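Input: a single structure, listed below in structure tokens.
The values are calculated or read from the model by the stated rules, or taken from the named source; none is laboratory data. Everything numeric here is computed off the predicted structure, so don't read it as measured data. So basically every Cβ, Gly included, is an ideal-geometry build from the backbone, and we count neighbours across all protein chains shown. Please note that ligands, DNA and RNA were not included when accessible areas were found on the heavy atoms of the full protein model with its side chains. Shrake-Rupley method; radii C 1.70, N 1.55, O 1.52, S 1.80 Å.
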Amino acid sequence: MMDVLIVGAGPTGLTLGIDLARRGVDALVVERAPGLFPGSRGKGLQPRTLEVLDDLGVLDAVLAASGPYPNRMIWKDGARVGEQSMFEKIEADEGTPYTEPRMIPQWRTQEVLHTRLTAWWRSSRANQAERGGGPVAFGREVTGLTQDADGASVRFADGTTVRARYVVACDGGRSAVRRALGIDLTGEAVDPAPFVVADLRLDGLDRNHWHAFPQDDGSALGLCPLAGTEDFQLQARLPEGSEPDVSPDGIRKLVARYTHLNAEDVTEVRWASDFRPRAALADRFRAGRVFLAGDAAHVHSPAGAQGLNTSVQDAYNLGWKLGAVLRGGAPETLLNSYEEERRANAAAMLDLSTGVHRGEVQRGKSTVQLGVGYRDSSLSLDTRTAPSGVRAGDRAPDGTVDGVRLFDTFRGPHWTLLGASVPGLRSLHAAPASYGPGVFLVRPDGYVGWAGETAEGVRQYAERTGAFLAA
């Protein structure tokens, strides 16, 4: 019986696979499709996600394959009528080295993550000897699931069954695992109009702008050059009641209808899909030995680039907790904090996505996810009498101590103690002044778990969270 079966090889499942692999957890990712998702759908990576990718060792590859968001160019009747920035400007400082989202098509993000996961797999001779193949098994469609006190058994369309101590459903908004568990996805339509998204190549537009073609009836079409590729992403809001045609001819006609370009200017349609924006949240994120993460747990409007980023945060939150229970001797009850922390955050991000979609929230400080935290979590313990600055549950900012960069120190599956030295914990003798007075124990996912005026009490906290072995 393996430790963890991850269902779904999107950004969520691949992120979780990497995090578990570096903790020595025996995990396998299974995917219904024959390969990785081919479209650009989730193309924006927020600054907080860049910090996660830094920790996972893939940031350089992502930065090399991505680019900044271009300004939006507004067109009317074939003429340029205005240019506007996509985002409110946020100044970088020592604590927040990444402040601007990066544009990278989802398929490329998945390639980077898959490459990293495969490298971890190949470095583990035990995995190769035991199962061979690779870290992702494609063409494995889930048809059923049962569980008991010791684990869960997942059935596949080919008649095989895999048993694992835990299962994580990362298989999207139509999650087969969620349906097998009988967990409802409760929500509402964000917009009554149908939408189309496509990846295409075309002639006649510069690649320095996100080109927008709004119409008087409220419909609109956008053509955004995808950094690191020759493609544009098309996004279209169609009139209410219309039926999208996502065939190559249908996409070409859509471009000709909304822009000054001709249908033949679209030289290739590489991928296309239609959808109706909705906001929905799973009633539970855990049922026994099965967890929901990513779109299986929450479905967003694509506006504001929150869905994929929230999903990566799910995986990053769950990964260290599974590792602590399976390899660190932490009590199984630690896993209860996953739903406690992530469901509340997902609900907030759903409201944010909907607000951006409806024009009520500006892209910028509120959408970069640097302010996401867990102050109300049962894992956040601040014993100081008058805490100031960074508090338990807050994101741990970057900074330097005696020339040592904190993010370099944090990188890896361990906990980090700032402001004191305790045997068994990776420690720096001080925290940057930006943290305020105190001693801070930083979780593996970059949030402060415990804070105190001295190190008194940190050992007891570390023992119940598996921090010592993880160090």
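For the chain, the per residue solvent-accessible surface stands at 40 Å², with DNA, RNA and ligands left out and a 1.4 Å probe. Each residue of the stretch 25-31 is assigned a 3J(HN,Hα), and the resulting list reads 8, 7, 9, 9, 9, 10, 9 Hz, derived from the Karplus form 6.51 cos²θ - 1.76 cosθ + 1.60 (θ = phi - 60°), x at Gly and Pro.
Computed with a 1.4 Å probe over protein heavy atoms only, the accessible area of LYS43 comes to about 20 Å². Mean sequence separation of contacting Cα pairs (under 8 Å, at least six apart), scaled by the length of the stretch 1-83, corresponds to a relative contact order of 21 percent. Let me make sure I get this right: for the stretch 1-135, a, b and c are the square roots of the gyration tensor eigenvalues over alpha carbons, sorted descending. Under 1.5 in a/c it's rounded, otherwise prolate if a/b > b/c, else oblate. Which is it? It is prolate, given that a/c is not under 1.5 and a/b is the larger ratio.
Residues THR115, THR229, ordered by accessible area of protein heavy atoms at a 1.4 angstrom probe radius and largest first, appear as THR115, THR229. Take each peptide in 433-442, 103-112, count the other Cβ atoms within 10 Å of every residue, and average; sorted highest first, the result is 103-112, 433-442.
Rolling a 1.4 angstrom probe over the stretch 204-315 with all protein chains present gives an accessible area of which 45% lies on carbon and sulfur atoms. In this rough spin-label picture, where each label sits 7 Å from Cα along the Cβ direction, the ALA220-THR118 distance is 3.9 nm. Counting only protein heavy atoms and using a 1.4 Å probe, the accessible area of THR333 comes to about 90 Å².
How many percent of the accessible area of the stretch 26-109 is carbon or sulfur, using a 1.4 Å probe? Whole-percent figure for carbon plus sulfur exposure: 49. In the context of the full protein assembly, ASP203 retains an accessible surface of approximately 90 Å², using a probe radius of 1.4 Å and ignoring ligands and nucleic acids. For LYS76, a cut-off of 18 angstrom between C-alpha atoms picks up these aspartates and glutamates, skipping any fewer than 8 places away in its own chain: ASP206, ASP216, ASP217.
The distance linking the stretch 185-251 with the stretch 58-94 is 17 Å (Cα centroid to Cα centroid, whole angstrom). Within the stretch 202-226, find all residues whose amide N lies under 19 Å from a label point positioned 7 Å from the Cα of GLU240 along Cα-to-beta-carbon. Inside the label zone: 215-221. Taking Lys and Arg as +1 and Asp and Glu as -1, the other residues whose beta-carbon sits under 14 Å from that of GLN235 total +1. Taken along the Cα-to-beta-carbon direction at a fixed 7 Å, the label points for SER378 and ALA430 span 3.8 nm. Ordered from highest to lowest accessible area with the whole protein assembly present and a 1.4 Å probe, ASP382, ASP77 read as ASP77, ASP382. Against the chain, whose longest principal axis comes from its Cα atoms, helix 11-21 is set at around 20 degrees.
Extension gain, ALA79 to THR333, is 85.4 nm, computed as 0.36 nm per intervening residue step minus the present C-alpha separation.
Taking the alpha-carbon distance from LYS321 and a cut-off under 15 Å, which aspartates and glutamates remain once sequence neighbours fewer than 8 residues away in the same chain are dropped? Of all the aspartates and glutamates, those that pass the test against LYS321 - Cα under 15 Å, at least 8 places apart if same chain - are ASP3, ASP19, ASP26, GLU332, GLU339, GLU340, GLU341, ASP445, GLU463.
Put the Cα centre of the stretch 389-430 next to the Cα centre of the stretch 7-44 and the gap is 29 Å.
Surface listing: ASP54, ASP206, ASP184, ASP283 arranged by accessible area from highest to lowest gives ASP184, ASP283, ASP206, ASP54, probe 1.4 Å.
Rounded to 0.05, the FRET efficiency of the ALA256 and ASP93 pair, given R0 = 41 Å and the Cβ-Cβ distance, is 0.30.
Shape of the stretch 229-347 from the C-alpha gyration tensor: prolate (a/c of 1.5 or more and a/b above b/c, with a ≥ b ≥ c the square roots of its eigenvalues). In summary, the convex hull built on the alpha carbon positions of the chain has an orientation-averaged projected area of 22.6 nm². Determine the shape class of the stretch 198-298: with a ≥ b ≥ c the square roots of the Cα gyration tensor eigenvalues, call it rounded for a/c under 1.5, and otherwise prolate if a/b is greater than b/c, oblate otherwise. Prolate, because a/c is 1.5 or more and a/b exceeds b/c. Among residues other than PRO192 with Cβ under 10 Å from its Cβ, the summed charge is -1 (Lys and Arg +1, Asp and Glu -1).
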